[in-house]
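In what follows, a single structure is set out as structure tokens and then discussed.
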Amino acid sequence: MTPRPTDSFKNYCIANWKMHGDEEKVSAWTQDIATYRSKNDPFDSCAVILCPPMPLIPAARDACHKASLLYGAQDCHTCDEGPYTGFSSPKLLASMGATYCIIGHSERRFFETDDMIHHKIKAALQQRMTPILCVGESWDHRQSGHHFQHVQHQVESALHTIDAPCIIAYEPIWAIGTGKTPTLNDIQDMHTHIHQCVRDLNPSHPTPILYGGSVSGDNVQDIVALTCVQGVLVGGASLTSTSFMRILAHMMKT
Ligand code: PGA
């Protein structure tokens, strides 16, 4: 599938497999999702993007090509090549057909600085991958009332001087993999705040803002009904095609 510009999808449903899966699973999962989608979203209004672990990118390339799905990476380095043992080159990822790249996930931010994240975004864009920038506060930030300020800083430091298509995923750290989610009002307030931060940066491209953190078939309907939420980034519930299809079913209705 030739990737469409970021602004032409109505919404996004992104599967972040983290460090799960194998080749067999990539093949079975993509077939299940493709069959489901061809019956329920024949016009591809919802972008379905699989982000498997790096070693599965070649398997994703073959399977997603057959299934007309999109795929991306979970991270990339700031440089295209060099003496960086164990890292993933943005140039190599793009050459393997990855068109999206998650950047700044909280599970990596313990050793990634804001500046590194900014340069990773630039490196991904340089290779024509659309960055999916993850931002979100810790429970302590929220408890102390600094969550808006914290997320604003993450958005501004990552995206300043960048005017190219990007996606932002708001993922409160305390909601990831915990089964807890913010209230709908809290999601709405943070998304409105992020929209304002992005407007202040004045990009000429639309920046879809997604929600991530314990999204499931049970809560997705209410979350994506919020007009400021343009999709979801799903971890645990993306790992089986059955639970991911329950989420997709709601995405395709919105
Ligand atoms: P979760 O993970 O859906 O398992 O909470 C989301 C993420 O970390 O992207």
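The values are calculated or read from the model by the stated rules, or taken from the named source; none is laboratory data. Bear in mind the structure is a predicted one, so any value in this text is a computation, not a measurement. Please note: Cβ atoms are built from the backbone with ideal geometry, for glycine as well, and neighbour counts cover all protein chains shown. These accessible areas exclude ligands, DNA and RNA; they are computed on the full protein's heavy atoms, side chains included. Shrake-Rupley method; radii C 1.70, N 1.55, O 1.52, S 1.80 Å.
Brief remarks on what is shown
- Given (1) of a type outside the set (D, E, K, R); (2) within 16 Å of the ligand (Cβ to nearest atom); (3) open to solvent by 40 Å² or more (accessible area, probe 1.4 Å); (4) part of a helix (DSSP H, G or I), number of the condition Q152 does not satisfy: (2)
- Test: residue in region 2-13 that is modelled with pLDDT of 95 or more and among the charged types (D, E, K, R): no
- Number of the condition not met by D32 [criteria: (1) surrounded by fewer than 17 Cβ atoms within 10 Å (Cβ to Cβ); (2) out of contact with any Lys or Arg (no Cβ under 8 Å at 6 or more places or on another chain); (3) touching a residue at least 40 places away in the same chain (Cβ under 8 Å); (4) under 21 Å from P208 (Cβ atoms)]: (4)
- Within region 110-142, the set of residues being within 19 Å of I14 (Cα to Cα) and of a type outside the set (V, I, T) comprises A124, L125, R128, M129, P131, L133, C134, G136.
- The number of residues in region 58-77 being part of a helix (DSSP H, G or I) and not small (G, A, S) comes to 6.
- Tabulated pairs, region 134-148, first at positive phi and in contact (Cβ under 8 Å) with a residue 60 or more places away in the chain, second buried (at least 17 other Cβ atoms within 10 Å of the Cβ) and of a type outside the set (F, W, Y), C-beta under 7 angstrom, 6+ apart or interchain: G136/S106; G136/V151; G136/E171; G136/P172; G136/I173
- Neighbours by Cβ (under 7 Å, 6+ apart or cross-chain): first from region 180-192, within 10 Å of V229 (Cβ to Cβ); second loosely packed, with under 15 Cβ neighbours inside 10 Å and at pLDDT 95 or above: L184/D222
- Checking each residue in region 79-112 for being of a type in the set (V, I, T), under 19 Å from the mean Cα position of the chain (by Cα) and more than 16 Å from the ligand (Cβ to nearest atom) picks out only T99.
- Some residue of region 205-220 being more than 16 Å from the ligand (Cβ to nearest atom), out of contact with any Asp or Glu (no Cβ under 8 Å at 6 or more places or on another chain) and either in contact (Cβ under 8 Å) with a residue 40 or more places away in the chain or closer than 26 Å to I33 by Cβ (or both): yes
- Residues in region 37-71 that are among the hydrophobic types (A, V, I, L, M, F, W, C) and surrounded by fewer than 15 Cβ atoms within 10 Å (Cβ to Cβ): F43 alone.
- Test result for V232, surrounded by 14 or more Cβ atoms within 10 Å (Cβ to Cβ), under 19 Å from the mean Cα position of the chain (by Cα) and in contact (Cβ under 8 Å) with a residue 60 or more places away in the chain: yes
- Within region 238-251, being open to solvent by less than 20 Å² (accessible area, probe 1.4 Å) and either within 12 Å of the ligand (Cβ to nearest atom) or within 20 Å of V151 (Cα to Cα) (or both) holds for S238, F244, I247.
- Selection within region 170-180 - within 17 Å of D222 (Cα to Cα) and open to solvent by 50 Å² or more (accessible area, probe 1.4 Å): G179, K180
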